[in-house]
Amino acid sequence: MKIYILLLILIFSTNSAFAQKKEFRDDKVDTLMFVNNRKIVNSLNTEPFLKKIFSKDNLQIPYRLLTPKNNVKTKKFPLVITFHNSTRIGTDNENQLEPFAKIWLRDDIYSKYECYVIAPQFSKRSSNYENNAENILISKPSDEAVAVLDLIKNVEKEYPNIDKNRIYLIGYSMGASTAQNLMSLQPDTFAAEVSVAAVPDLSHLEKVNKKNIWLIHGAKDQENPYVGSVELFNKLSLDPNVIFTTFNHLNHNNIVIPFLLTEEIPKWLFGKHK
């Protein structure tokens, strides 16, 4: 009898653990919510983001750098790297500040979740897509994306109070693919990754199978196929640190809206360490 009870407890615990890894949300985004949330975030003053340029060999990467609100040199702060989508490609060092970069400027976030934020801008696609042998669209990094790994090292040297155990990646669309690319290339550098509507990187899965990864995708995404995130999650399904959130009613264009006025993403990231 005792063995039977223990078996039931084990089955329940296992199922509960798996239930926590995969979730489905029924959020809906109407026109008013879409316009209002973007308007609030886009109205934020971006001047605190310093303008800088990183050079390596024949590459130049403009980037913006946000420092902690109260940057005490004796205190360690996390570092967040945000990656823009393909509509923000350029060299003006302005357009890459899309909503996932700007949320760190919200008064409540800037005060409560103090950190460094790097927002690089790419002059071409930072992640390129192709079909693999299983006809799944996958992503591969550009040379500029790979150079961001050196950019991070430079910023770490300039600001030694960056906590190297709390370096986070976040991106949307092409930017989410780039976040996955860098996690695959150098997983030991990063503590966690938030990937929203990505085309997946299915290489080096053995290296990321213990990493903190939050996959977010809209089931109605017709641009970056939802099935790509399903495929990645299935291949990492034994990783207890992977979460897969599906928004049943959202598509590629409105998937970021539910996160713009909440602290859900910063709170999740800041709970993760290497």
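The values are calculated or read from the model by the stated rules, or taken from the named source; none is laboratory data. For clarity, every value in this text was computed on a predicted model and none was experimentally measured. Glycine gets a Cβ as well: all are built from the backbone with ideal geometry, and neighbour counts include every protein chain shown. We work out accessible area using only protein heavy atoms, side chains counted, and drop any ligands, DNA or RNA first. Shrake-Rupley method; radii C 1.70, N 1.55, O 1.52, S 1.80 Å.
Numbers for the structure displayed
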{"item": "Residues of the range 87-98 satisfying the condition of being surrounded by fewer than 20 Cβ atoms within 10 Å (Cβ to Cβ) and either out of contact with any Pro (no Cβ under 8 Å at 6 or more places or on another chain) or over 21 Å from residue 43 (Cβ atoms) (or both)", "result": "87, 89, 90, 91, 94, 95"}
{"item": "Residue list for the range 220-267, restricted to those being open to solvent by 40 Å² or more (accessible area, probe 1.4 Å), assigned to a loop (DSSP other than H, G, I, E, B), of a type in the set (A, V, I, L, M, F, W, C) and under 25 Å from residue 140 (Cβ atoms)", "result": "238"}
{"item": "Selected residue [basic (Lys, Arg) and in contact (Cβ under 8 Å) with a residue 12 or more places away in the chain] from 124, 153", "result": "124"}
{"item": "All strands (runs of 3 or more DSSP E) inside the range 93-178 with 3 or more residues being closer than 26 Å to residue 226 by Cβ", "result": "127-131, 137-141, 162-172"}
{"item": "Scan of the range 106-126 for residues that are more than 18 Å from residue 166 (Cα to Cα) and open to solvent by less than 10 Å² (accessible area, probe 1.4 Å), ordered by number", "result": "120, 121, 122, 126"}
{"item": "Some residue of the range 24-38 being open to solvent by 70 Å² or more (accessible area, probe 1.4 Å), of a type in the set (Phe, Trp, Tyr) and modelled with pLDDT under 95", "result": "no"}
{"item": "Criterion violated by residue 206 - all others in (1) open to solvent by 30 Å² or more (accessible area, probe 1.4 Å); (2) acidic (Asp, Glu); (3) modelled with pLDDT of 95 or more; (4) closer than 30 Å to residue 164 by Cα satisfied", "result": "(3)"}
{"item": "Boolean, residue 210 is in a loop (DSSP other than H, G, I, E, B), free of Cβ contacts under 8 Å to residues at least 60 places away in the same chain and of a type in the set (Lys, Arg)", "result": "yes"}
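Every residue, every condition in (1) among the charged types (D, E, K, R); (2) farther than 27 Å from residue 252 by Cβ; (3) modelled with pLDDT of 95 or more; (4) surrounded by fewer than 21 Cβ atoms within 10 Å (Cβ to Cβ), yes or no:
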residue	(1), (2), (3), (4)
139	no, no, yes, no
145	no, no, yes, no
150	yes, yes, yes, yes
158	yes, yes, yes, yes
166	yes, yes, yes, no
170	no, no, yes, no
178	no, no, yes, no
185	no, no, yes, yes
